[in-house]
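First up is the structure itself, then whatever we jot down about it.
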Amino acid sequence: MSANTDWVNKYQNPFDQKMASMPDGPEKTALMQQYVNDMNDYGAKGGDAAKTIAGARSSFDKYYGDAYKASQAAPATAGASTPAETPAGTDWTTISNAYGLGAPPAVGMPSTLNRIHIGDAPQAQASLMDLNAIPQPVATQQTVSPEVLAMKSGQGYSPAILAQMKANAIDTASQAGVAQMGQMKRILGQSGVRGGANAAVQGDIARQALQNQGTALGNIDINNAQVGNENAKFGIGQENQIGQSNMASANSMALANANNMFSGLQQNQTAQNQTNQMNTGLNFQRQENQSNMDFNTQKSQWDELNKRYGQSQNILGSWGAAA
């Protein structure tokens, strides 16, 4: 049910009906005062109720404003009982309605006030970075090539080159032996050497050729060993250099990743601190608003009580003067 419908059904229609059938006098004055009090109480709810009462006041002023003002200026109208004529034992409600007090003293007492509660202050949530989403790249690592590993193992010339070198050495020694053998045959033939002496000379030349081949192959092995030793030194140096480079890259990347993570942590901490400060401020403001609301509500009730007390003193004073 809307505030307007509620007001009209409970207050305005009954009031208009009573006013239409009631003769002028204290009861009519009390009825108007009660209606004014009802408007004040109903409008205090605020919102739609306040808007409804604004319209009700306009209607009241239009149709009853003059009569109400006259009753306030002169409460005792023609034909009404004066204060001195108020019968003994009349209850408080009748007296208060008749003389504009509008309600018994108990109504509006601070102890009867329903405390208006201000809702909890909204609490903001900090917008935090997802630390798991921070990239953590891995440094690129160089690999040691098979050629460097082969050199590190002490390998000299490659097997193909070594075989070619040995084949050339054997061929060279053989060709030299063949040439020497042919030359010696011509010399021996010219000298007339025949038989066993000739064979002995040729055997010496053959043995010399084989010895030359062995010497050449031995020199190649020695040279290959020297080359293998140099290759081993170079291969170890290359592998160490690659390892140091990989370690430096990994350390640099790890440091960069740690800095990124620390930066994310700092950003989240700053955001959380700012949000906490804001929430604390909102909570403090809410408490301050609640305190002000409680104070103003209590003050308004005390003001109303004091006003009614003053009205009561005036009425009692007028009774005394009339008596």
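Summary table
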quantity	calculated
Options Asn240, Asn224, Asn257; residue that is of a type outside the set (Phe, Trp, Tyr) and closer than 30 Å to Leu128 by Cβ	Asn257
Gly235, sole failed condition from (1) among the small types (Gly, Ala, Ser); (2) touching a helix residue (DSSP H, G or I) at 6+ places or on another chain (Cβ under 9 Å); (3) within 22 Å of Pro159 (Cβ to Cβ); (4) at pLDDT 85 or above	(4)
Residue list for segment 117-156, restricted to those being surrounded by 13 or more Cβ atoms within 10 Å (Cβ to Cβ), assigned to a loop (DSSP other than H, G, I, E, B) and not hydroxyl-bearing (Ser, Thr, Tyr)	Ile118, Ala121, Ala126, Leu128, Met129, Ile134, Ala139, Val144, Gly154, Gln155, Gly156
Residue within segment 284-302 that is of a type outside the set (A, V, I, L, M), in a helix (DSSP H, G or I), touching a residue at least 24 places away in the same chain (Cβ under 8 Å) and more than 30 Å from Asn37 (Cβ to Cβ) present	yes
Among the residues listed as Gly243, Gly235, Gly281, Gly264, the single one being free of Cβ contacts under 8 Å to residues at least 24 places away in the same chain, among the small types (Gly, Ala, Ser) and surrounded by 13 or more Cβ atoms within 10 Å (Cβ to Cβ)	Gly243
Filter result (among the basic types (Lys, Arg) and within 23 Å of Thr215 (Cβ to Cβ)) within segment 149-181	Lys166
Cross-chain or 6+ apart pairs with Cβ under 9 Å, segment 129-155 first and on the phi > 0 side of the Ramachandran plot, then surrounded by 15 or more Cβ atoms within 10 Å (Cβ to Cβ) and outside any loop (DSSP other than H, G, I, E, B)	Gly154/Gly228; Gly154/Asn231; Gly154/Ala232; Gly154/Gly235
Any hit, segment 200-220, residues being at pLDDT 90 or above, under 30 Å from Pro146 (Cα atoms), out of contact with any Leu (no Cβ under 9 Å at 6 or more places or on another chain) and surrounded by fewer than 13 Cβ atoms within 10 Å (Cβ to Cβ)	yes
Failed item, numbered, when Asn223 is tested on (1) crowded, with 16+ Cβ neighbours inside 10 Å; (2) polar (S, T, N, Q); (3) modelled with pLDDT of 80 or more; (4) in contact with a helix residue (DSSP H, G or I) (Cβ under 9 Å, 6 or more places away or on another chain)	(1)
Residue within segment 173-193 that is part of a loop (DSSP other than H, G, I, E, B) and modelled with pLDDT under 85 present	yes
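Okay, residues lined up against (1) surrounded by fewer than 13 Cβ atoms within 10 Å (Cβ to Cβ); (2) β-branched (Val, Ile, Thr); (3) modelled with pLDDT of 85 or more; (4) not in a helix (DSSP H, G or I):
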| residue | (1), (2), (3), (4) |
| --- | --- |
| Phe15 | no, no, yes, no |
| Met19 | no, no, yes, no |
| Pro23 | yes, no, yes, yes |
| Tyr35 | no, no, yes, no |
| Gly46 | yes, no, yes, yes |
| Ala49 | no, no, yes, no |
| Ser58 | yes, no, yes, no |
| Lys69 | yes, no, yes, no |
| Ser81 | no, no, no, yes |
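The values are calculated or read from the model by the stated rules, or taken from the named source; none is laboratory data. Remember, it's a predicted structure, so these values are computed and weren't measured experimentally. Backbone-built Cβ (ideal geometry, glycine too); neighbour counts: all protein chains shown.
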